[in-house]
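The values are calculated or read from the model by the stated rules, or taken from the named source; none is laboratory data. Just so it is clear, the model here is predicted, and its values are computed rather than measured. Positions of Cβ are generated from backbone atoms using ideal geometry, with glycine treated the same way; all protein chains shown enter the neighbour counts. Ligands, DNA and RNA are excluded from the accessible area calculation, which covers all protein heavy atoms including side chains. Shrake-Rupley method; radii C 1.70, N 1.55, O 1.52, S 1.80 Å.
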Amino acid sequence: MSSILLIPALVAIWWMMRHSTSSTLRNVYIPCLFLIPVFFQFRLKGLPPIDDAQAIMFVFAAFILLRHRNELYFSSTDIWVGIYVYGILISETLRTDLNTGIFQLVADIGSALLPYLCGKMFIEQYGQRTAMIKRMCFLLSVVALISVYEYRLARNPFHNYLAPLFDHQDYGWFLQMRWGRARVSGPYGHAITAGMIFMTGVLFNLWMMRFHKWEKTFRYLPYKWAPKAPIIMFMLLLGTFMTQSRGPWLGLAFGFAVSLVGFARNTRRAFVHFVLLSALVFMVSYPFVNQYTSGTTATAQDIDQENAVYRRQLIDNYTPVVQAGGLWGWGVSKFPIVANQVSIDNEYLFLGVTRGYLGLSVFLILIIDVMYSLIRTGIRFRNREDRLFAFCMVGVLSGVLFAITTVYLGNQMYDLVFLLLGWSQAIGKKRPSELPVFRQVIA
């Protein structure tokens, strides 16, 4: 029954044969990524399990070779992404076996390398920026609307009603409660992951609203008095709120502050002021955070403080594991569990444990490279629309990087981050001088 997960890949092939590759990214890949849980997988004995988004990405790989191989261009981030993805093969092979290493490599190719390439090749150069953000924000507003059901009734419809279609696959789903309400996770597997994805939509929608990219009303609704842009923003903020995840909330605040730099007339001066203000906020808040997370889970006054203490203890308990793992780490499949802390709710620590010093270092270098490139490009842009978009992208990535100090980078957010990293490389790049003919039939 799980073979129905291959249907989106077949739809992607059909769409690419009739339309452009960039259109397929927007109209097939993004809806599947945002609406179908990636913990539902197609499994065939002897082959790596894949989810629907990965299956579509492998279709893109074939069409990149067939249609777009002449459009591939090199950037420094290609090196870091390549090393990062290839490193998991070495880590898993050293700690488990070659077969497990190949399975993990295939997963990383489908969820990291190929989304990165698609973001780099098929959005900016094809004039799809506005259309892509419209699709993302609209789909997230639909998810938020559906998730009101989960928030009110503490039942996740994406899991309860879709699981029977996929052989009742379950990765250990559990519903979290906070302040007397369900923490909405939608199709994203965890409330914090959902919060990060909604946060992405909020920050991108700032750019949409600032430059009036939305239509005035919804096309297919009879209520012509309903303004589209404010309603979309309200739904995105509602979705972020219903996750009840403090990490993404703080990440949204930080990302919003970064995005405001793009609104300033003197962008360079505004960025310097932002850096100084951020440093001041950190110095003032650090003593309070340090006191709040000190002690043990037994002495915590409430469940929220207990979670904060748990995350601080993770660093103390798993630092020796990172050191013992060395350059390549322990791999994803069989890393040591310390002090019954099965969940490593810190992506940087998780990378150090599973991918070793090399994987963590390469990931940090990749982020620094992308951020430096985006900030430099944003400051140099004379076009205000492009400048603000560059800083909105910096804000999105900054918010995510802040939030993953409280959770691992997984499920759809993993794919989305690498799509955004690739997208960031194309901002300011020119459209290819010679585009392939999309209507040709490939025999």
The chain: relative contact order as a whole-number percent, Cα under 8 Å and 6+ apart:
24
Rounded, prolate or oblate, given the Cα gyration tensor of the stretch 152-266, with a/c below 1.5 counting as rounded?
oblate
With all protein chains present, the chain has a carbon and sulfur share of its accessible area (1.4 Å probe) in percent of 64
Quick one: length gained pulling residue 327 to residue 281 fully straight, 0.36 nm per residue minus the C-alpha distance?
13.1 nm
Nearest 0.05, what FRET efficiency do residue 58 and residue 292 give at R0 = 56 Å with Cβ-Cβ as r?
0.80
Below 8 Å, C-alpha to C-alpha, sequence gap of six or more: please give me the relative contact order for the stretch 146-248 in percent.
29
I want to check the label-to-label distance for residue 99 and residue 45. Put each point 7 Å from Cα in the C-beta direction and report it in nm to one decimal.
1.1
What is the stretch 302-403 by shape, rounded, prolate or oblate, if you read a ≥ b ≥ c off the alpha carbon gyration tensor as root eigenvalues and call it rounded for a/c under 1.5, prolate for a/b larger than b/c, and oblate otherwise?
oblate
Full-stretch length increase - residue 14, residue 220 - with 0.36 nm per residue and alpha-carbon distance subtracted:
71.5 nm
For residue 142 and residue 340, what does the FRET efficiency come to when R0 = 45 Å and r is the distance between their Cβ atoms, rounded to the nearest 0.05?
0.70
With the crude spin-label approximation of a point 7 Å out along Cα→Cβ, what separation in nm comes out for residue 305 versus residue 70?
6.6
Taking the Cα centre of the chain as origin, sum charge times position over the Cβ atoms of Lys and Arg (+1) and Asp and Glu (-1), and report the length of that vector in debye to the nearest 20.
1820
I need the calculated FRET efficiency for the pair residue 181 and residue 161, taking r as the beta carbon distance and R₀ as 25 Å, to the nearest 0.05.
0.75
Rank-order 61-74, 141-154, 186-199 by packing density, defined as the average count of other C-beta atoms within 10 Å over each peptide's residues, highest first.
186-199, 141-154, 61-74
